[in-house]
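The values are calculated or read from the model by the stated rules, or taken from the named source; none is laboratory data. The model shown is predicted, which means the values in this text are computed figures rather than measured ones. Counting neighbours? That spans all protein chains shown, and the Cβs are built from the backbone with ideal geometry, glycine included.
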Amino acid sequence: MKRYLITLFALLAALTACERFDADDRKFDNVVYLDVSQTNPVQLATFSNNRATYDCTLQAALTYPAGQDVQVSLEVDPSLVGTYNARYGTQWPMLDAKYYALSTETATIPAGRTTSDVITLQLKELMGEGDEQTGALPLDETYLVPVRISGASIEVLGGSDVAYYVVKRSSAITVAAQLGEGNWINFPTLDKYGANSQAWNGLTAMTYEALIYIDQFANSIVNASGNTSTVSISSVMGVEQYLLLRIGDTNFERQQLQFDGSGSGSQFGKFPGKDATKNLETGRWYHVACTYDQTTQTVRIYVDGQIQSEETGVGITAPSKKNQINLAMRALYDLWNSASEADKPQYETDDTGYNKLGDAYQFFIGKSYDEYRPLNGKIAEARVWSVARTPEQIWENMYEIADPESDPTLLGYWKFNEGAGNTVKDYSMYGNDGVAEIDIVWPTGIEIPKINETEE
């Protein structure tokens, strides 16, 4: 027994020594820093022109937990504006003090923790007062707000003690959603027959358009089973094997826009042909659109408001009920499925075929066929129309649609301007809100320039 106790005490002593080593015998000193600065000392605070306030969050952080509370002092330091401008070759002025407020000038990192409570740099009074917006922060001007750790009860990590907030109230689009592997936008109301979905069917023409930013054209993706699958398609929006706007295809340029009109309502196939000169690039915003009109037998693809590809004399030669364009085909199936047995036969003709669930594909944004054809990038201003928009309309309205609820040809309009949450509002009169498959990431610092506006 005595030998056993000696052994046990020795083991406990060894374990205690290990714990002391993990907690205390570090190879480096504990230091405090700003969490945002360690990632990037330059923080973009670009926001829309209709925001009265804008919150920037940060925390004081430690390398590892301390055995006692750590006190941290913070301040806005205008003297650092010159340092920033000299370093980055800019000439941006300090933001006037009336437009910002730091939520606290002291923060505590409790013992045993590595971060303080959230600190907020609030940008305020941005829209001024009254209808005239007197005193509003000027549009499209850039300002600086340097926030630094001015003191702390332990050593401060140099180089990560300052966050430079680059502030801009922009007339451009400043909010977009990040999509990608595992995430896309569903439209539950389009699966049901009713007021929301009826206008999406029985069409003779259509338009898709959206603002997109491609982060990467993934060549492979790891599925849920851990197997690697080859990916040749990035899905923008539409209905698989029917009317779909995508990038890439099997044996096709991986970076080229393709409009797949293989459905019964189009029948022009895959458009255009393989052409490497039409490839898109990663890391920039594009406005993309496609149109098809049965009456004129014309199909077009637009990039940045200009016709990239066009062909006439294609698709349906004799429009009829049988070959109308149905973009909410699952709603047609729902009509048949929910009908009484006596009424079902009227929806089972060769002309409609509503009972054919296999033909009733679904409309998505950022997905087609399965989850392994994602849009790896950002999206904003997505729209669906029941007409083929003209070149003039495409160019003039790339970034905004005025009074969208008054236009019955605008079937769906998702600005992606929420900035939070997983529901994407439909601004058209039909109210088909989108729902993300998983949590949406809303990137900061978005600014989409309006290339259709010229300097006067």
Suppose we keep only residues that are assigned to a loop (DSSP other than H, G, I, E, B) and among the charged types (D, E, K, R) within the stretch 225-264. Which one would you say is surrounded by the fewest Cβ atoms within 10 Å (Cβ to Cβ)? 249
Complete set of residues in the stretch 67-110 that are aliphatic (A, V, I, L, M) and within 28 Å of residue 31 (Cα to Cα): 70, 72, 74, 76, 80, 81, 86, 101, 102, 107, 109
What do you reckon, is residue 209 at pLDDT below 95, in contact with a strand residue (DSSP E or B) (Cβ under 9 Å, 6 or more places away or on another chain) and in the same structural domain as residue 302 (by TED's automatic domain parsing)? no
Just checking, does the stretch 65-80 include any residue being surrounded by 13 or more Cβ atoms within 10 Å (Cβ to Cβ) and of a type in the set (Gly, Ala, Ser)? yes
Could you run through the stretch 422-456 and say how many residues are aliphatic (A, V, I, L, M), closer than 13 Å to residue 365 by Cβ and in a loop (DSSP other than H, G, I, E, B)? 1
The stretch 160-209, residues that are within 24 Å of the chain's Cα centre (by Cα), part of a strand (DSSP E or B) and within 30 Å of residue 146 (Cα to Cα): 165, 166, 167, 168, 169, 170, 173, 177, 178
Suppose we keep only residues that are of a type in the set (Asp, Glu) and without any contact (Cβ under 8 Å) to a residue 12 or more places away in the chain within the stretch 322-344. Which one would you say is nearest to residue 261 (Cα to Cα)? 343
Every residue from the stretch 305-322 that is closer than 23 Å to residue 409 by Cβ and assigned to a loop (DSSP other than H, G, I, E, B): 305, 314, 315, 316, 319, 320
Selected residue (criterion: nearest to residue 263 (Cα to Cα)) from residues of the stretch 298-321 that are touching an Asp or Glu at 6+ places or on another chain (Cβ under 9 Å) and surrounded by 14 or more Cβ atoms within 10 Å (Cβ to Cβ): 315
For the stretch 99-115, give me the residue count where each residue is out of contact with any helix residue (DSSP H, G or I) (no Cβ under 9 Å at 6 or more places or on another chain) and over 28 Å from residue 133 (Cα atoms). 11
Out of all the residues in the stretch 16-47, which are more than 30 Å from residue 417 (Cβ to Cβ), β-branched (Val, Ile, Thr) and modelled with pLDDT of 90 or more? 31, 32
So which residues in the stretch 402-428 are buried (at least 17 other Cβ atoms within 10 Å of the Cβ) and hydrophobic (A, V, I, L, M, F, W, C)? 410, 411, 414, 416, 424
